[in-house]
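Novice: Structure below; questions to follow.
Taken together, the values in this text are just the output of simple stated rules run on the coordinates, not laboratory data. Quick caveat: nothing in here was measured; it's all calculated off a predicted structure. Please note: Cβ atoms are built from the backbone with ideal geometry, for glycine as well, and neighbour counts cover all protein chains shown.
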Amino acid sequence: MTRYGLTDKRQILLVDMNSFYASVEQAQNPGWRGKPVVICGDPERRSGIVLAASREAKAFGIKTVDPVWEVRQKCPQAILVRPRMETYVEVSLRIMEIAKRFTPQVEVFSIDELFLDVTGTEKLWGGPWEVARKFRELVREETGVVCSVGISYNKLAAKVCCDTMAKKAPEGIHEWKAEDIEREMHPLPVRELFGVGSRMEKHFHSRGLVTIGDLANYPLHLLKKRFGVMGEVFHLSANGIDYSPVTPNTFAKDMKGCGHMMTLPRDYESAQEVEVVILELAEEVGRRLRRMQKRGRTINIMCGYKGFMGGFSRQFTMSEATNLTRDLYEAARKLFHQHWNGSPVRSIGVSIDNLVDDTVQQLDLFRDWERERRLAYTLDNLQDRFGKTAVLRATSLTAAGQALQRAGKIGGHYK
């Protein structure tokens, strides 16, 4: 028991796959083991940045988001590998299935992180350390991937424990009990607290809050006055307090919208070029909505200008929910023209939320909604069977089009 009444009633594990993409590549290419492997985008395009680096590559100072040209300077012998997202998703799903052998309470936090609640499984496995050891062993045997495990009494403490301690531990496992927070977590730099980014770190430093302990002991009313409700969240987090449960299938339950955004291979200076990409993104968003059997009402367009010199994000709620490309495109195109200041465009995105089920549609005397809907689903089926390039709009074959280049990707990365 601590001054905040924390106890060790729950036993939560945060599992983090070390350098996940690089680990998968090394596992599937034995000749790359022990060598500096760097997963990066196409160096000929703006996507030529580091997505993941193996432990051997990190020893040369290579970090995520480093440009490829810098990687080549730091480590000329680095093995540069284009990402294969389909493979990484496949391995991630296999690891999730391994986790479910230990407990049904498994929450996917990201493609390479999982929360497991193993409370009450002591008679089956002997305790959280035994689960962590066996889980790491099975993951390594079945996928070749090495993982680190943070153990604690809630999700936040397990996450920080894994990031700051387990990854450095010889066994790859570390545990924090409630009484360990002041001794082990509080001396850490405030940036190590989950949810604190570089901008928030600067805000805290300007108030003399350098460590997590400084934040934990700072007057709550002052934090709330400056940061509102987030001030209380930071106060609780710094004191190791987190009441959120491990929730299986979080992503599926919380799906409230969908979207796609991309960085363009060059700066687009004309509206006509940008419109081509908006149409392609609207097509992708509509296709994803139809796959979910959903329709959406609120369209959002995001636009970034050349050299990160500003941009805008605006939304518009349509009178009727839709998942048809034509409607999504017209709404997104209108928003773009309303707010674009003529600057060269570096990135563009389209998203939709305010979703409803695609089961009921308001009839229209002047439009055959059902015919358009059947046509859209038919085109989806053709692309599912024969690939995304089986049916393309003519504009995608122009110099501005990106659909062909993106066809072999998942989430903006190659399969």
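Novice: I need the Kirkwood Rh of segment 186-238: take the reciprocal of the average 1/r across all distinct C-alpha pairs and report it in angstrom.
Specialist: Taking every pair of different Cα atoms in segment 186-238, averaging 1/r and inverting gives 10.5 Å.
Novice: To continue, here is another question. Would you mind checking LYS159/LYS334; LYS35/LYS155; LYS155/LYS306; LYS9/LYS294; LYS9/LYS168 for any pair whose Cα atoms are more than 31 angstrom apart? Provide the component values of the computation, followed by the final result.
Specialist: Working: LYS159/LYS334 43 Å; LYS35/LYS155 34 Å; LYS155/LYS306 39 Å; LYS9/LYS294 40 Å; LYS9/LYS168 26 Å.
From the list (LYS159/LYS334; LYS35/LYS155; LYS155/LYS306; LYS9/LYS294; LYS9/LYS168), the Cα-Cα distance tops 31 Å for LYS159/LYS334; LYS35/LYS155; LYS155/LYS306; LYS9/LYS294.
Novice: Going by average Cβ density within 10 Å per residue, which order do the peptides 176-189, 106-119 take, highest to lowest?
Specialist: 106-119, 176-189
Novice: If you don't mind, another one. Sorting check: for 17-30, 264-277, which peptide has the highest mean count of neighbouring beta carbons within 10 Å, and how do the rest follow?
Specialist: 17-30, 264-277
Novice: ARG33: net charge of surrounding residues, Cβ under 13 Å, Lys/Arg +1, Asp/Glu -1, itself excluded? Each step should come with its number before you reach the end.
Specialist: Values: positive: LYS35, ARG55, ARG140; negative: GLU25, GLU56.
With Lys, Arg at +1 and Asp, Glu at -1, the neighbours total +1.
Novice: If you take the square roots of the eigenvalues of the alpha-carbon gyration tensor of segment 195-295 and sort them as a ≥ b ≥ c, do you get rounded (a/c under 1.5), prolate (a/b over b/c) or oblate?
Specialist: Oblate, since a/c reaches 1.5 and b/c is not below a/b.
Novice: About the Cα centre of segment 294-333, how large is the charge dipole given +1 on each Lys and Arg Cβ and -1 on each Asp and Glu Cβ? Please answer in debye to the nearest 20. Let's see the in-between values first.
Specialist: Values: 7 positive and 3 negative charges, 18 e Å.
Charge dipole, segment 294-333, about its Cα centre: 80 debye, nearest 20.
Novice: Could you give the dipole magnitude of segment 20-85 about its Cα centre, charging the beta-carbon of Lys and Arg +1 and that of Asp and Glu -1, in debye to the nearest 20?
Specialist: In total the dipole reaches around 80 debye.
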